[in-house]
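Heads up, the thing below is written out as structure tokens.
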Number of protein chains: 2
Amino acid sequence: MLTALKGNIIEALTPDTLGIHPHSYLVLEDGRVVGIYPVLPDALGSASVTDYGDALILQSFADMHLHGPQYEFMGTGMDRPLLQWLEAYAFPTEARYADPAYAREKYRILARDLLQNGTTQVCMFSSLHADSTLILMEELEKAGVTGYVGKVNMDRNAPPYLCETTEESKKETLRWLDECKRFTLVKPILTPRFAPSCTDELLTFLGKLKAERNLPVQSHLSENLGEIALVGQLFPDCPQYWEVYDKYGLFDSKTLMAHCVHSDARERAAIAMRGVHPVHCASSNNSLMSGISPVADMLREEQQVCLGSDVSGGTTLSMLHTMANSISASKDRGSLQQDASQALSIEQAYYMATSAGKVFLGLKPGFSEGELLHAVVLDDTHLPKLPNITLRERLLRAAYRLDDRHIRAVYSEGIRRL
Amino acid sequence: MLTALKGNIIEALTPDTLGIHPHSYLVLEDGRVVGIYPVLPDALGSASVTDYGDALILQSFADMHLHGPQYEFMGTGMDRPLLQWLEAYAFPTEARYADPAYAREKYRILARDLLQNGTTQVCMFSSLHADSTLILMEELEKAGVTGYVGKVNMDRNAPPYLCETTEESKKETLRWLDECKRFTLVKPILTPRFAPSCTDELLTFLGKLKAERNLPVQSHLSENLGEIALVGQLFPDCPQYWEVYDKYGLFDSKTLMAHCVHSDARERAAIAMRGVHPVHCASSNNSLMSGISPVADMLREEQQVCLGSDVSGGTTLSMLHTMANSISASKDRGSLQQDASQALSIEQAYYMATSAGKVFLGLKPGFSEGELLHAVVLDDTHLPKLPNITLRERLLRAAYRLDDRHIRAVYSEGIRRL
């Protein structure tokens, strides 16, 4: 069946290039992209057109780092650095997800709110509870959110009420992976919480599992100076943080590493060489005062940087706001260092918030031919109609001024879900 | 007539002290504050109570620096530094306000949006057009927004289409001041745009006018390094920027100075000694990459720092978001300088967004006895009900997560306006 969306179509083709199609037709066949046309070609003339008028048709968002069980306390507890914040807020909240009924209630809200914010692709941490992780995957799939979810592995340096034995962690991970076979939109990703929370034995197990089953991996890297010092103590044989993951075979092109705030030239070279995907989390890096990642430099080094809301070190689920926060953080870095080249462009922010995540998920940038549609229709027509304003400027303005109430439609996997 | 608002009342008593009154009564007599009581006293038992349940009753916001005619392009043009940005965006837009009908249409929207965002007190720049400035004052007064508005003075270093002769500037300022007598809620404030846009003769005139009529003054100070260099060239007899204003009698306790990003110890000492009120504009300082003000240091020096949205160098009219942006900017400064003492607290942000502005307007901090009520009712009851969450934490969360759609009521000058 041929359908088409009509409106101002903007796609993120490369970190520096927008594909801009004013008042054009995005044509689909059975939900898969056929192409974008300024005028509907005769051969596609039978398409049933949904006309969104002067609204913006954007790629929907890919939030490549967030913690499902932390959403409920978003915006509170923003006055401590990472390791104390984990103890005071994150761990006690995550412990409640031992209760599947509790998890069901909270994860249903999270899945709904993601979709309402135009996020249709995620890479998410659950808690260490296998059953609640399966519930999170169910709720995402029901809402039409796709991507990866990971049961967290954590067998040391965690409070007793939120710690697995090594044996439990292995067993539950295998059980969880077996149960994941029933999902079609949401797939499992191995998730050692971060190096300090996993024993050598557990990391060895996860590395083998990754190799045997060809699984992707997500974790944290060089977020905070205290954390880096702790890794140095716990893994004295590894000169740098990344080498812990690398030692166990958890550091390659199927790996997402959140933060990378303090990665120096050597660590960044390793990230680039291995094709690891760093996830920039501007909001939480700010809230927890972790620092400001040199994202503009990382993009110049052709690193495949994605964006993450990092709920709930981050204070917003909105990837529009996450784009704006990323630009703001880069400008703060630039002005304090008197180096304007640190400032991110809207092209870069939009690419990182959409296509960069798609690439990690095995898709192509932009509205790529043959792929199921992931799109969001953003209505900015209540804002002033400025003379000569470009679509590029409207995209930047949208990042600063719009929110979930301005999202008119969300498409995921070729289907309109909102 | 006795009335009362019931809810969770939070007032900003000092930059470091919240007055927190859970489930209490804010009692008014003819719109003026009588007091705050946990239980309604017998003598006030006849008060007609509006019960806002578990919502937050906050002071409404005082936005102490914004440019009325720039609101329409908020969120665009964020890719140039100050002086180029003025040329490309601000000046061409302001020129349109020569047309009173255009001004009427745009200022009505601005006044409505201010109130919807809970801002009931402002200090605002208009354009150089006297008639449109009067229209702005009318529209604010109609909406119930109080404070100061200034006709801009600008007789040099402006484009020909937006520049007055010195004579015109004087004559129009006097005419405008005469016409201002009809307003009750909105008063005039002298507004030399900034030192570079005024000749010595005009500054001399404004200084005399201020002294004769005991008028307040607003302008810009040390926002951007390029601007500071320009001031040095134009006023070679003044060792520092502030000394230009001081030389003409425009730098005292009835003066607001926006930005003060690059004020060094000597300039800050002058600000403190003269009792000048600096206005911190976190959003525009970020957008235009001007720098990050050392606000925490300024508060330690007991400077009377207020907050400004600085529309439209700033990207939001919401003072809730301006509070959050101020905290974020201070944390970026703190983490890049590895100095945690730079981080602003929610107490400081809320005080600067409310009471600090009231003090400039001649009022007292907090919900002060005998003053007409300025308040906003903020409904956060849709957010998760966390165990043991304090009202202080709910205030911080509100800054990050709420917006105009969560404002249930706005009171200005003792009257409910929304």
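Matching residues to (1) closer than 23 Å to residue A:177 by Cβ; (2) open to solvent by less than 40 Å² (accessible area, probe 1.4 Å):
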site: A:38; (1), (2): no, no
site: A:43; (1), (2): no, no
site: A:50; (1), (2): no, no
site: A:73; (1), (2): no, yes
site: A:104; (1), (2): yes, no
site: A:119; (1), (2): no, yes
Evaluate the stretch B:369-378: report whether one residue or more is within 14 Å of chain A (Cβ to nearest Cβ) and at pLDDT 95 or above.
-> yes
Specify which of the listed residues (A:370, A:357) is in a loop (DSSP other than H, G, I, E, B) and not β-branched (Val, Ile, Thr).
-> A:370
Residues being at negative phi, in a loop (DSSP other than H, G, I, E, B) and either facing chain B (nearest Cβ under 9 Å) or not charged (D, E, K, R) (or both): count how many of those fall in the stretch A:379-418.
-> 11
Could you tell me whether residue A:309 is away from chain B (no Cβ under 11 Å) and among the small types (Gly, Ala, Ser)?
-> yes
Scanning the stretch A:386-403 for residues that are among the hydrophobic types (A, V, I, L, M, F, W, C) and touching a strand residue (DSSP E or B) at 6+ places or on another chain (Cβ under 7 Å), the one farthest from residue B:75 (Cα to Cα) turns out to be A:391
Please tell me if residue A:11 is in contact with a helix residue (DSSP H, G or I) (Cβ under 9 Å, 6 or more places away or on another chain) and in a helix (DSSP H, G or I).
-> no
Hey, among the residues in the stretch B:359-370 that are touching a strand residue (DSSP E or B) at 6+ places or on another chain (Cβ under 9 Å) and within 19 Å of residue B:20 (Cα to Cα), which one's least open to solvent (accessible area, probe 1.4 Å)?
-> B:366
Quick one: how many residues across the stretch B:181-202 are in contact with a strand residue (DSSP E or B) (Cβ under 7 Å, 6 or more places away or on another chain) and closer than 14 Å to residue B:220 by Cβ?
-> 7
Residue B:129 is checked against (1) open to solvent by less than 40 Å² (accessible area, probe 1.4 Å); (2) under 29 Å from residue B:355 (Cβ atoms); (3) not polar (S, T, N, Q) and fails just one. What number does that condition carry?
-> (2)
Do you know which residues across the stretch B:281-306 are touching a residue at least 60 places away in the same chain (Cβ under 8 Å), outside any loop (DSSP other than H, G, I, E, B) and within 14 Å of another protein chain (Cβ to nearest Cβ)?
-> B:285, B:287
What is the residue count in the stretch B:177-195 for residues that are surrounded by fewer than 20 Cβ atoms within 10 Å (Cβ to Cβ) and in contact (Cβ under 8 Å) with a residue 40 or more places away in the chain?
-> 6
Under 7 Å between Cβ atoms, at least 6 apart or on separate chains: pull out the pairs that start in the stretch B:13-26 with a residue that is assigned by TED's automatic domain parsing to the domain that holds residue B:347 and end on any residue that is open to solvent by 40 Å² or more (accessible area, probe 1.4 Å) and of a type outside the set (Ser, Thr, Tyr).
-> none
Residues satisfying the stated conditions in the stretch A:140-167, i.e. open to solvent by 10 Å² or more (accessible area, probe 1.4 Å) and closer than 14 Å to residue A:107 by Cα | A:141, A:142, A:143
Which residues, counting only those in the stretch B:220-247, are assigned to a loop (DSSP other than H, G, I, E, B) and either out of contact with any helix residue (DSSP H, G or I) (no Cβ under 8 Å at 6 or more places or on another chain) or open to solvent by 50 Å² or more (accessible area, probe 1.4 Å) (or both)?
-> B:236, B:237, B:239
In the stretch A:168-219, how many are part of a helix (DSSP H, G or I) and more than 21 Å from the chain's Cα centre (by Cα)?
-> 29
Quick check: anything in the stretch B:313-333 in contact with a Ser or Thr (Cβ under 7 Å, 6 or more places away or on another chain), crowded, with 24+ Cβ neighbours inside 10 Å, more than 10 Å from every other protein chain (Cβ to nearest Cβ) and over 21 Å from residue B:16 (Cα atoms)?
-> yes
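Identify all residues within the stretch A:340-361 that are within 20 Å of residue B:332 (Cα to Cα) and facing another protein chain (nearest Cβ under 10 Å); write none if there are none.
Here is the first cut: in the stretch A:340-361, the ones within 20 Å of residue B:332 (Cα to Cα) are A:340-345, A:349.
Scanning the stretch A:340-361 gives A:340, A:342, A:343, A:345.
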Keeping to the stretch A:258-279, report how many residues are more than 14 Å from chain B (Cβ to nearest Cβ) and in contact with a strand residue (DSSP E or B) (Cβ under 9 Å, 6 or more places away or on another chain).
-> 12
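The values are calculated or read from the model by the stated rules, or taken from the named source; none is laboratory data. Please read all numbers here as calculations on a predicted model, not as lab measurements. Positions of Cβ are generated from backbone atoms using ideal geometry, with glycine treated the same way; all protein chains shown enter the neighbour counts. Ligands, DNA and RNA are stripped out before the accessible areas are found, and what is left, the full protein with its side chains, is counted by its heavy atoms. Shrake-Rupley method; radii C 1.70, N 1.55, O 1.52, S 1.80 Å.
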